[in-house]
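*Asks:* Have a look at the structure that comes next, please.
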Amino acid sequence: MAHLQDLPIADPAEQADPAFGAQRAAAIYDVGHSTIFASRSDPRFAYCTYAPPSTGLEKHPRQLVVVMHGTGRAFTEYRDAFAEFAKWNDCIVLCPLFPVGPQGDGNRDGFKQLREGNIRYDDILLDMVAEVGEKFGCDFSKFALFGYSGGGQFVQRFGLLHPERLWALSIGAPGSVTLLDVNQDWWVGVRNFEQKFGKPLNLDLLRQLPVHLIVGKADIETWEITHQEGGKFYMPGANDAGRTRPERLETLRQSFAANGVAATMDLVDNVPHNGLACCDKVQDFLAATLRIMRAGAAHMAR
């Protein structure tokens, strides 16, 4: 976040101008590492951003990178981890906060399934994207999406539901995965996908989307990801994708490949369940995708 001491001191006449005050507040609270904002569509949910100060030397229209927290809700840490990437790649970072228990029941995990009661987390995220686009005067009709752990579950399922809204998808160490299996119901498979969400699964668009999978090689604890009969998300096949997160992500990669979705996968040496330790490789994937996308846009413009 910008600080008052970093800004030039204004004379009293300037300070009396309401427009000056609005500009000053935006410089302090919106640009750089932002404060935390309630979502306009549902104030139970919030977000923060990182927007590099405009220098007039930007080479490209700014793109949006959304980073989704996991069960620990470390959303500001992820924002800070992506700030330098945003600064040097003409991007803005949006990090939502979906707090524990918005329905008063202490549920930590509802957002991972996209729906929790009458809450549609995908719609809340899309409104946050629109809000941030309006704030910064940017076209964010498409954005990149990365999530880790519980956030990895959210972004994988968001990508299945809204591939038309993404220019890149990075899925990090999800504890559970939804396979492209038409013989299993949601959430294990996609047999009843259209019935569940009111729109069909668009495999053609998913095949065009750059997809990245990432997990630490040492991410092998199973206590949090093994579904027990009677558990809130248990259903037949809940544990069939594998025992550990690397096994489950590899099964997802194979399911994608069998359906024509060419996902790249990073297995990170000596990394247990630590999302921040995976951010560099996620940023490498996003930077490479941006270069290709922007080169294509420049070619089309010529």
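The values are calculated or read from the model by the stated rules, or taken from the named source; none is laboratory data. Remember, predicted model here, so these are calculated numbers, not experimental data. Using ideal geometry, Cβ is built from the backbone for each residue, glycine included, and neighbour counts are taken over all protein chains shown. Accessible surface is based on the protein model in full, side chains and every heavy atom, while ligands, DNA and RNA are left aside. Shrake-Rupley method; radii C 1.70, N 1.55, O 1.52, S 1.80 Å.
*Asks:* Considering only DSSP beta bridges with both partners in the chain, what is the antiparallel share in %, to the nearest 5? Walk me through the numbers before you get to the answer.
*Replies:* Numbers: 11 of 35 bridges.
The answer is about 30 percent antiparallel.
*Asks:* Something else: Can you name the helices of the chain, as whole DSSP H runs, whose Cα span along the helix axis is 15 Å or more and whose Kyte-Doolittle mean is not below -0.5? Write out the running numbers ahead of the final one.
*Replies:* Details: long enough: 18-29 (16 Å, 0.42); 121-136 (23 Å, 0.24); 150-161 (17 Å, 0.36); 245-258 (20 Å, -0.94); 279-301 (32 Å, 0.37).
Helices meeting the span and hydropathy rule in the chain are 18-29, 121-136, 150-161, 279-301.
*Asks:* Right, next: Rounded to the nearest percent, how much of the accessible area of the stretch 147-223 (1.4 Å probe, protein heavy atoms only) is carbon and sulfur?
*Replies:* It is 47 percent, rounded to a whole number.
*Asks:* Okay, next question. Relative to the present Cα-Cα distance, how much length would full extension add between Glu247 and Asp280 at 0.36 nm per residue of separation?
*Replies:* 9.7 nm
*Asks:* For the stretch 215-267, what percent of Cα pairs sit more than 14 Å apart?
*Replies:* Of the Cα pairs, 58 percent sit more than 14 Å apart.
*Asks:* Along Cα→Cβ, 7 Å out, is where each label goes; now give me the distance between the ones at Ser141 and Ser54 in nm to one decimal.
*Replies:* Here the modelled spin labels are 2.1 nm apart.
*Asks:* Indicate the gyration tensor shape class of the stretch 141-191 (rounded, prolate or oblate), computed on the Cα atoms with a ≥ b ≥ c the square roots of the eigenvalues: a/c under 1.5 is rounded; otherwise a/b larger than b/c is prolate and the rest oblate. Don't skip to the answer; put the middle values down first.
*Replies:* Values: a/c = 3.13, a/b = 1.37, b/c = 2.29.
Cα axes put the stretch 141-191 in the oblate bin.
*Asks:* Leaving out ligands and nucleic acids, and using a 1.4 Å probe, what accessible area per residue does the stretch 81-233 come to in Å²? Present the calculation step by step, with values, prior to reporting the outcome.
*Replies:* Working: 5940 Å² over 153 residues.
Accessible area per residue, the stretch 81-233: 39 Å².
*Asks:* For the stretch 161-298, what's the relative contact order in percent, using C-alpha pairs closer than 8 Å and at least 6 residues apart?
*Replies:* Details: 206 pairs, mean separation 40.5, N = 138.
So the answer I get is 29 percent.
*Asks:* Report, as a whole number in µm² per second, the diffusion coefficient that Stokes-Einstein gives for the chain at 10 °C and 1.306 mPa s using the Kirkwood radius over alpha carbon pairs.
*Replies:* 78
*Asks:* Based on the alpha-carbon gyration tensor of the stretch 134-224 and its eigenvalue square roots a ≥ b ≥ c, which shape applies: rounded if a/c is under 1.5, prolate if not and a/b is larger than b/c, or oblate?
*Replies:* On the way: a/c = 2.05, a/b = 1.14, b/c = 1.79.
In terms of gyration-tensor shape, oblate.
*Asks:* Charges at C-beta only: +1 for Lys and Arg, -1 for Asp and Glu. How large is the resulting dipole of the chain about its Cα centre, in Debye rounded to 20?
*Replies:* It works out to roughly 600 debye.
*Asks:* Please say if the stretch 195-302 is rounded, prolate or oblate, where rounded means a/c under 1.5 for a ≥ b ≥ c the square roots of the C-alpha gyration tensor eigenvalues, and otherwise the choice is prolate for a/b larger than b/c and oblate otherwise?
*Replies:* It is oblate, given that a/c is not under 1.5 and a/b is not larger than b/c.
*Asks:* Follow-up. May I ask you to list the lysines whose Cα is less than 20 Å away from that of Lys142, ignoring any residue fewer than eight positions away on the same chain?
*Replies:* Output for Lys142: Lys59, Lys87, Lys199.
*Asks:* What percent do you get for the relative contact order of the stretch 105-177 when only Cα pairs under 8 Å and 6+ apart count?
*Replies:* On the way: 84 pairs, mean separation 22.1, N = 73.
Over the stretch 105-177, the number comes to 30 percent.
*Asks:* Ignoring everything except DSSP H segments at least 4 long, calculate the 222 nm mean residue ellipticity for the chain; use -39,500 (n - 2.57) per segment, divide by total residues, nearest 500.
*Replies:* Taken over the chain, the calculation gives -10500 deg cm²/dmol.
*Asks:* Work through the residues other than Asn89 whose Cβ is under 12 Å from its Cβ and net out their charges, Lys, Arg +1 and Asp, Glu -1.
*Replies:* Net local charge, Asn89 excluded: +1.
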